[in-house]
Amino acid sequence: MIPTKDLQSINLSEGYSDSSAALLEHINNYGGFMFRYLVEYNTEFRQPIPYILIQYKDTFFATRRLMNSGEARLHGKISLGVGGHINPVDVFNDNVVANALVREINEEITLGDNVRYYPRINGIINDNSNEVSRDHLAVVYTVSVDTPDVEVKETDKLEGRFYTIDELKENYDNLESWSRLVFDNLIICQ
């Protein structure tokens with residue numbers, strides 16, 4: 001977690017930004033852990049979230065949040081990102097968000113036995129357009145997988161599959177705001 005006022009000191013612009021180095025350095029040097037119940041619905045703090053776009057060739061893994069999913073404000077929406085909140089276990093060295101990325105991949109999805117993945121950081125989402133985003137920041141990673149053997153673990157909360165770019169265009173209105181920013185700034189540019 002970092003105080004929202006710190007975003008001005010690192011010149012983080014609104015929306016999607018390719019520049020992530022300053023924010024990651026700030027998180028690693030000055031960020032701290034706070035329990036979610038203290039920072040959810042609290043715009044004085046931003047919770048960095050590893051937001052992982054999974055790509056197989058020219059398709060992208062996306063999940064639809066079911067009614068049992070935790071964040072009621074996002075039920076029914078499609079997310080291009082796999083990820084979640086930083087936990088105390090992630091704060092063991094100066095790569096807090098990268099640590100959370102690995103943990104979240106293992107918690108959220110099942111990769112086939114022979115799937116190899118290659119993460120690379122793409123940018124940051126600083127979105128003030130809705131209530132959910134105003135207390136979170138997305139650190140966007142792309143993870144390329146070498147086979148499409150990817151499934152969601154919590155099938156009672158999420159359904160997931162790979163989408164083509166055309167299918168994502170058809171579902172654009174159902175994408176979460178972060179997913180729209182990822183689509184507009186990363187996917188459509190391919």
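The values are calculated or read from the model by the stated rules, or taken from the named source; none is laboratory data. Predicted model only: the values in this text are computed from it and were never measured. With ideal geometry, Cβ positions are generated from the backbone for all residues, glycine too; neighbour counts draw on all protein chains shown.
Could you list, in sequence order, the residues of the range 24-35 that are more than 15 Å from the chain's Cα centre (by Cα) and not β-branched (Val, Ile, Thr)?
GLU25, HIS26, ASN28, ASN29, TYR30, GLY31, GLY32, PHE33, MET34, PHE35
So, in the range 140-172, how many residues would count as being hydroxyl-bearing (Ser, Thr, Tyr) and either within 30 Å of LYS5 (Cα to Cα) or free of Cβ contacts under 8 Å to residues at least 40 places away in the same chain (or both)?
Residues meeting the conditions: 4.
Scanning for something within 30 Å of TYR163 (Cβ to Cβ), modelled with pLDDT of 85 or more, surrounded by fewer than 16 Cβ atoms within 10 Å (Cβ to Cβ) and of a type in the set (A, V, I, L, M), does the range 88-102 turn up at least one residue?
Yes; the residues of the range 88-102 include at least one that is within 30 Å of TYR163 (Cβ to Cβ), modelled with pLDDT of 85 or more, surrounded by fewer than 16 Cβ atoms within 10 Å (Cβ to Cβ) and of a type in the set (A, V, I, L, M).
If I go through the range 59-74 residue by residue, how many of them are surrounded by 14 or more Cβ atoms within 10 Å (Cβ to Cβ) and at pLDDT 70 or above?
Number of matching residues: 8.
Return the only residue of LEU181, LEU137, LEU175 being farther than 25 Å from ASP6 by Cα and either more than 16 Å from the chain's Cα centre (by Cα) or surrounded by 14 or more Cβ atoms within 10 Å (Cβ to Cβ) (or both).
Just one listed residue meets the conditions, LEU175.
Mind listing whichever residues of the range 114-148 are part of a loop (DSSP other than H, G, I, E, B) and either more than 20 Å from ARG103 (Cβ to Cβ) or in contact with a helix residue (DSSP H, G or I) (Cβ under 9 Å, 6 or more places away or on another chain) (or both)?
Within the range 114-148, ASN114, ASP127, ASN128, SER129, ASN130, GLU131, VAL132, ASP146, THR147, PRO148 qualify.
Within the range 11-32, can you find the residues that are surrounded by fewer than 17 Cβ atoms within 10 Å (Cβ to Cβ) and either in a loop (DSSP other than H, G, I, E, B) or on the phi > 0 side of the Ramachandran plot (or both)?
Across the range 11-32, the qualifying residues are ASN11, SER13, GLU14, GLY15, ASP18, SER19, GLY32.
Based on what the data block shows, is THR155 of a type in the set (Val, Ile, Thr) and part of a loop (DSSP other than H, G, I, E, B)?
Yes; evaluated as a whole, the condition is true for this residue.
Name every residue in the range 158-175 that is within 11 Å of ILE78 (Cβ to Cβ) and either touching a Gly at 6+ places or on another chain (Cβ under 8 Å) or assigned to a strand (DSSP E or B) (or both), in order of residue number.
Passing the criteria: LEU158, GLU159, GLY160, ARG161, TYR163, ASN174, LEU175.
Specify the residue that is farthest from SER179 (Cα to Cα); the eligible residues are those in the range 11-21 that are at pLDDT 85 or above and of a type outside the set (D, E, K, R).
SER17
Within the bounds of the range 33-44, is there any residue that is without any contact (Cβ under 8 Å) to a residue 40 or more places away in the chain and not in a helix (DSSP H, G or I)?
Scanning the range 33-44 turns up at least one residue that is without any contact (Cβ under 8 Å) to a residue 40 or more places away in the chain and not in a helix (DSSP H, G or I).
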